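Novice: One structure coming up, written as structure tokens, with questions to follow.
Each reported figure results from applying straightforward, stated rules to the coordinates on display, with no laboratory input. Computed from a predicted model, the values in this text were never measured in an experiment. Neighbour counts run over all protein chains shown; Cβ positions are idealised from the backbone, glycine included.
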Amino acid sequence: MKKNIEIRWHGRGGQGAKTAALLLADVAFNTGMHVQGFPEYGPERMGAPITAYNRIGESEIRVHSNIYHPDYVVVVDETLLHSVDVTNGLKEDGAIVINTPRPKEEILPLLNGYKGSVYTIDAHKVSMETLGKYFPNSPMLAAIVKVADIMDKDVFLSQMQASYEHKFAKKPEVIDGNMRALKMAFEEVK
Amino acid sequence: MSKATDISKINEHSPYYDMTPGNQIYGGGGSRKFCTGEWRTKTPVIDWEKCTQCLLCTPVCPDSCIPVKDGKREDFDLDHCKGCGICERVCSFGAITMKEGI
Amino acid sequence: MAFNFKEVMSKPERLAPGHRMCAGCGGTIAVRTVLRALHEGDKAVIGNATGCLEVSSFMYPYTAWEDSYMHNAFENAGATLSGIETAYHALKKKGKISANYKFITFGGDGGTYDIGLQSLSGAMERNHDMVYVCYDNGAYMNTGIQRSSATPMFADTTTTPVGKCSNGKMQNRKDLASIIANHDIPYVAQSTFIGTMKDLYEKSEKAIYTPGAAFLNIMSPCPRGWRYDTPDIMKICKLAVETCYWPLFEVVEGKWILNYEPKKKLPIEDFLRPQGRFKHLFKPENENLLVQYQEEVDRRWENLLYMCSK
Amino acid sequence: MAIRERMSGNEAVAHAIKQINPDVMAAFPITPSTEIPQMVSTFIANGDIDTEFIPVESEHSSMSATMGACAAGARAITATSSCGLAYMWEVLYVAASDRLPIVMAVVNRALTGPININCDHSDSMGARDAGWIQIYAENNQEAYDNYIQAFRIAEHPDVKLPFMACQDGFITSHAVENISLIETEKVKEFVGSYEPENFLLNADMPMAVGPYANSPFYMETKMNQRIAMKNAKKVILEVAEEFEKISGRKYGLFEEYRMDDAEYVIVIMGSAAGTTKEAVDELREQGIKAGMIKVRVFRPFPGAELAAALENAKGIAIMDRAESFSGCGGPLGSELKAALYDAKNESTTVNYFYGLAGRDYTVETACGIYQDLIDYVSGKQEAEQFKYIGLRK
């Protein structure tokens, strides 16, 4: 991982982009890093485009502003590509991760000429195959961890196992599926 | 152990540091030290001969000025009676009369 | 417990003299009777909305209250007592206090019917173990007799003055007892001053000792605002009851109970005539207003009888 | 051993409440402080604490009920934001005048007109003259630390004043960050229990609160509140010193950042202070003598102390996150300028209005302000006394 990174998440209200940002903060925190995870708040409800942010670093994070020049962008819902300028301010030496079943060539024209790395993952497929339901959170989380090289895969998986055990203490049956989603996403993101 | 406020030491001449914090007053019923009897222009007088100790005058006094002891009323508390005359009006035996003056 | 007048009168006075209420005030008559219903040995915390009673009974440094007392502001007596009552349970639970306390709040109709209605409604709905007592004198007397939503129809007040184009307050009074009864609290009652005060005393005792929220609405005449001959207060109250202007009733666990039904209902004029605030109604040209008034009293009385399944 | 955790500012305050286990909390939800009573309700529902929660019907009632509980002898708390605080405005004054040591978490949010849920300080600044102690947090760590110190300060016999523990809405209240928590036993020991000498439920001595006070008493009452507020300054420092012993974290009336030889200084409050520190570091690397002061305690206002700390500054930017519509300065600007005047400090001062209703304040914004100061001091630009930044023109 680069020394201190900033990540911007794009999603729609209700899809869990905020939860994913908080989960990322959680898992990074668990490996000893300094973290920040926060959504941009408004009165928007289900379905509206929303933004969430992460700062992850080795030292104390003092800045309390939104992120305008992120190192990474995660797009949880590809339909946003038509309405939101997701690459705005994104550093050229950074990367964007997009949830889509489509090949990269089809996506590139929608990125306003962004010259950095572009990764895609079909979180829908991953989610359906592992969880049987569409929850893009876990796959997108695994994808950004891999792309930004935030931590070692094994460390990530063991941390997430612990985190899910805590989070889903009342419905342990979903833990395995989520773990499978993470593992599969790690392989699928390209 | 908290102590009752000595309100005789709090008046319009006392300096700020003699006042209680938050204007709190400890201990109840301190208003007894304030004589509203001075407001009176008519004064109730009881004729003990006529009084039957029915006590109907007691609960209607707005100023708690008709003390009762062991089921019997005592004389008016003229330190506080404002002379409203309600007691005279409720007395069916004509035992109370309102006299002009204090 | 049967009502023993002599015993009740022998109980210690919990509102000390020396307060600055007007000579002949109905408010303090109400307060004395309510407080007398506290059992000896039980302690109380008294709350008070801003109003005549508050500015006159705790004028620094003189408190007329023998019990602990708190005035906060005009519209928040219900909420303030909610906090005190809750603190009582919290401290008792933690073993920090042991004495038994009762919680009683007094407010005028301004602080109760109007500005304090939200806070009262909240406290009642949360069913705090407290009694809220409204000493209802039917106008904002503290600020100089402005109309309130408790002011009766056609009353002459300083904001509904009688004039060439006005016959006083044009609206009926709000039926607060019924509004509070609809909060479905354990005990609601309406009373005023009659004879030995048995009615008010017994209702106060029930209100205080019924677990949960209770509300008492007590008609408490104001000689200054109503403009009757001050010593006549007991007569005025009796007329209010005998004309069915101010019926005596209770709502116990949702059940409406009529406490007194006049053998011969007196015409409303009998209640209105002694009061200067209704003087204009007795001009010959205003006869129709009296008819209208009687109709309104009748309508409300019929409605009450219906509620009480009479 | 400190506990390494991550949580949002609201979680941090709720956690402190859980550790302190106050007797009574009354609250009404309002964004962005709502999570605090929600979390406390959950703690109660799960039996973690035995606080009595009063779900009141409005903020006016939450403050009123909290006052009643506090006067009754309970340690009583509430939390609010924005219009909720404004709705309490009347009774805030009564709480201070009654000398009730209530602790209220304020999660700062812009006052309505137009309605907006994001951060500025217009709510608590509107209540700045109510007689409450006000302490502002930069991040969730400070929100937690300030909250724990609040009770000791508010309940101190020389103070007995209500306390607003403020933090920036959403910016810290909803941002998850690393935080260092203190063990619950240590917190409990530090905060202690609330044992007022006089209280409504004292069976040995009834108490009357909230009198009508004639003019012969009113000014004297205010003087006593003034003295209590002055005492608070000393107590805040004493409590901070003790707090350092259990936490290792140092607090004062304000924080000086790279002020030793600073010539260009931003004076700011709340979460924007951290962002400003980042700018200071960047400018220092370029050889610019930038410094920052973060005002932590706004009530009592440390005017003389701030003026002393600013003695050698050439250019000072005083940052207000609230308008006061005087046509002149904002709350911090007006008070600090008065303090500088008394100290005969004639440096160039500019009172900036920034970040209203969540308008973002970035490292670049801060750098721009330092550049302004440099230009003003060098005479390259004529200094404006009052300036909106981040405003579209």
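Novice: Hey, could you grab the Kirkwood Rh for chain C? Inverse mean 1/r over distinct alpha carbon pairs, Å, one decimal.
Specialist: On the way: mean 1/r = 0.0506 Å⁻¹.
Roughly 19.8 Å, rounded to one decimal.
Novice: Using a 10 Å cut-off around each Cβ of peptide A:33-41, what is the average number of partner chain Cβ atoms that fall inside?
Specialist: Average per residue, whole number: 6.
Novice: Next question, about the same structure. Return the sequence-ordered ³J(HN,Hα) values of the range B:79-95 in whole Hz as given by the Karplus equation 6.51 cos²θ - 1.76 cosθ + 1.60 applied to θ = phi - 60°, using x for Gly and Pro.
Specialist: Karplus values, whole Hz, x for Gly and Pro: 5, 10, 4, 9, x, 6, x, 5, 4, 4, 5, 8, 6, 7, 10, x, 7.
Novice: Pairing the Cα long axis of helix D:35-45 with the longest principal axis of chain D, what angle in degrees results, from 0 to 90 and rounded to the nearest 10?
Specialist: Roughly 30 degrees between the two axes.
Novice: Now for a different question. On C-alpha positions alone, give me the angle between the axis of helix D:9-20 and the longest principal axis of chain D, in degrees, nearest 10.
Specialist: 40
Novice: Taking only Cα atoms and a 10 Å spring cutoff, compute GNM fluctuations for chain D and point out the largest among D:Leu253, D:Leu200, D:Leu111.
Specialist: D:Leu200
Novice: Evaluate E = 1/(1 + (r/R0)^6) for B:Asp79 and D:Glu256, where r is the Cβ-Cβ distance and R0 equals 56 Å; express this FRET efficiency to the nearest 0.05. Before the final figure, lay out the partial values.
Specialist: Working: r = 64 Å, r/R0 = 1.14.
Rounded to the nearest 0.05, the efficiency is 0.30.
Novice: State, to one decimal in nm, how far the label point of C:Val291 lies from the label point of D:Ala308, with both points 7 Å from Cα in the Cβ direction.
Specialist: Computed distance between label sites C:Val291 and D:Ala308 equals 8.5 nm.
Novice: Return the FRET efficiency for the residue pair D:Asp50, B:Lys50: r is the Cβ-Cβ distance, R0 is 56 Å, and the value is rounded to the nearest 0.05.
Specialist: On the way: r = 62 Å, r/R0 = 1.10.
FRET efficiency, D:Asp50 to B:Lys50: 0.35.
Novice: Okay, moving on. Rounded to the nearest 5, what % of DSSP beta bridges with both residues in the range C:5-307 are antiparallel?
Specialist: On the way: 14 of 40 bridges.
Beta bridges within the range C:5-307, antiparallel portion: roughly 35 percent.
Novice: Through the Karplus equation 6.51 cos²θ - 1.76 cosθ + 1.60, θ set to phi - 60°, convert the phi angles of the range B:68-74 into ³J(HN,Hα) values in whole Hz; use x for Gly and Pro.
Specialist: For the range B:68-74, the Karplus-derived couplings read 10, 10, 6, x, 10, 7, 10 Hz, x marking Gly and Pro.
Novice: Which whole-number percent gives the relative contact order of the range D:3-247, counting Cα pairs below 8 Å spaced six or more residues apart? Numbers along the way, then the final one.
Specialist: Numbers: 479 pairs, mean separation 59.0, N = 245.
Answer for the range D:3-247 is 24 percent.
Novice: Now for a different question. How much length is gained on full extension from D:Ser326 to D:Tyr218, taking 0.36 nm per residue of separation minus their Cα-Cα distance?
Specialist: On the way: separation 108, 0.36 × 108 = 38.88 nm, distance 2.78 nm.
Between D:Ser326 and D:Tyr218, full extension yields an extra 36.1 nm.
Novice: What distance in nm separates the simple spin-label points at D:Lys188 and A:Asp93, each placed 7 Å from Cα in the Cβ direction?
Specialist: 5.2
Novice: What value does the protein assembly as shown have for Rg/Rh, both radii from Cα atoms and Rh as Kirkwood defines it? Provide the component values of the computation, followed by the final result.
Specialist: Numbers: Rg = 33.9 Å, Rh = 31.9 Å.
Result for the protein assembly as shown is an Rg/Rh of 1.06.
Novice: Another question about this same structure. Please return the longest stretch of chain C lacking exposed loop sites, where GluC sites (Glu not before Pro) count only if DSSP places them in a loop and at most 11 other Cβ atoms lie within 10 Å.
Specialist: Counting only loop sites that pass the neighbour cut-off, the longest clear stretch is C:41-252.
Novice: Let me ask another. Describe numerically, in nm with one decimal, the distance between label points set 7 Å from Cα along Cα→Cβ at B:Asn11 and at B:Glu100.
Specialist: 3.4
Novice: Can you compute the label reach from C:His89? Point 7 Å from Cα along the Cβ direction, backbone N cut-off under 15 Å, restricted to the range D:1-44.
Specialist: D:23-27, D:41, D:44
Novice: Next question. So the label point goes 7 Å from the Cα of C:Val252 along Cα→C-beta, right? Which residues of the range C:204-238 then have their backbone N under 11 Å from it?
Specialist: Flagged as within label range: C:206-207.
Novice: Can you report the principal axis dimensions of the range A:68-116 using only the alpha carbons, biggest first, rounded to whole angstrom?
Specialist: Computed over the Cα atoms, the extents are 26, 18, 15 Å.
Novice: Determine the percent antiparallel among the DSSP beta bridges restricted to the range D:254-388, to the nearest 5.
Specialist: Working: 4 of 22 bridges.
About 20 percent, rounded to the nearest 5.
Novice: May I pose another question? In percent, what relative contact order does chain C have, based on Cα pairs under 8 Å that are 6 or more apart in sequence? Kindly include the intermediate steps, with their values, before the conclusion.
Specialist: Working: 602 pairs, mean separation 48.5, N = 310.
Answer for chain C is 16 percent.
Novice: Which of the peptides D:146-152, D:190-196 is most tightly packed, and how do the rest follow, going by the mean number of other Cβ atoms within 10 Å of each residue? Could you put the intermediate results ahead of the total?
Specialist: Values: D:146-152: 25.6, D:190-196: 16.4.
Packing proxy ranking, top to bottom: D:146-152, D:190-196.
Novice: Could you work out the Rg to Rh ratio of chain D, with Rh taken as the Kirkwood radius (inverse of the mean 1/r over all Cα pairs)? Numbers along the way, then the final one.
Specialist: On the way: Rg = 20.8 Å, Rh = 21.4 Å.
Rounded to two decimals, Rg over Rh is 0.97.
Novice: Starting from the Cα-Cα distance between C:Leu305 and C:Thr210, subtract it from 0.36 nm times their residue separation and give me the gain in nm to one decimal.
Specialist: Values: separation 95, 0.36 × 95 = 34.20 nm, distance 2.46 nm.
Here the segment from C:Leu305 to C:Thr210 would lengthen by 31.7 nm.
Novice: What cysteines in chain B have no other cysteine with a beta carbon less than 4.7 Å from their beta carbon?
Specialist: B:Cys35, B:Cys51, B:Cys54, B:Cys61, B:Cys84, B:Cys91
Novice: PRE reach from D:Ala203 (point 7 Å along Cα→Cβ): which of the range C:88-108 fall under 18 Å by backbone N?
Specialist: Counting only backbone N, you get C:88-103.
Novice: Taking every DSSP beta bridge that has both residues in the protein assembly as shown, what percent is antiparallel when rounded to the nearest 5? Intermediate results must be reported in sequence, preceding the final value.
Specialist: Details: 50 of 129 bridges.
Bridges in the protein assembly as shown are about 40 percent antiparallel.
Novice: Can you pick out the pairs among A:Lys115/A:Lys183; A:Lys2/A:Lys153; C:Lys11/C:Lys310; C:Lys94/D:Lys230; C:Lys238/C:Lys263 whose Cα atoms lie more than 25 Å from each other?
Specialist: Working: A:Lys115/A:Lys183 28 Å; A:Lys2/A:Lys153 16 Å; C:Lys11/C:Lys310 37 Å; C:Lys94/D:Lys230 34 Å; C:Lys238/C:Lys263 13 Å.
Correct reply: A:Lys115/A:Lys183; C:Lys11/C:Lys310; C:Lys94/D:Lys230.
Novice: Do any GluC sites (Glu not before Pro) in chain B lie in a loop, going by DSSP, with at most 13 other beta-carbon atoms within 10 Å of their beta carbon, and if so which?
Specialist: Working: sites: B:Glu12, B:Glu38, B:Glu49, B:Glu74, B:Glu88, B:Glu100; in loops: B:Glu12, B:Glu49, B:Glu74.
Of the GluC sites (Glu not before Pro), the ones in loops of chain B whose Cβ has at most 13 other Cβ atoms within 10 Å are B:Glu12, B:Glu49, B:Glu74.
Novice: Who wins for biggest fluctuation among D:Ala175, D:Ala79, D:Ala273 in a Gaussian network model of chain D, springs between alpha carbons below 10 Å?
Specialist: Per the Cα network of chain D with a 10 Å cutoff, D:Ala175 tops the list.
Novice: Could you let me know the centre-to-centre spacing of the range C:178-246 and the range A:142-190, using Cα atoms, in angstrom?
Specialist: 69
Novice: In angstroms, what radius of gyration and Dmax does the range D:254-388 have, counting Cα atoms only?
Specialist: Every Cα atom of the range D:254-388 included, Rg and Dmax give 13.4, 38 Å.
Novice: Just from its helices, what would the mean residue ellipticity at 222 nm be for the protein assembly as shown, if runs of 4 or more DSSP H residues each count -39500 (n - 2.57) and the sum is divided by every residue, rounded to the nearest 500 deg cm²/dmol?
Specialist: Working: 30 runs with 343 residues, N = 995.
Only helices count here, giving -10500 deg cm²/dmol.
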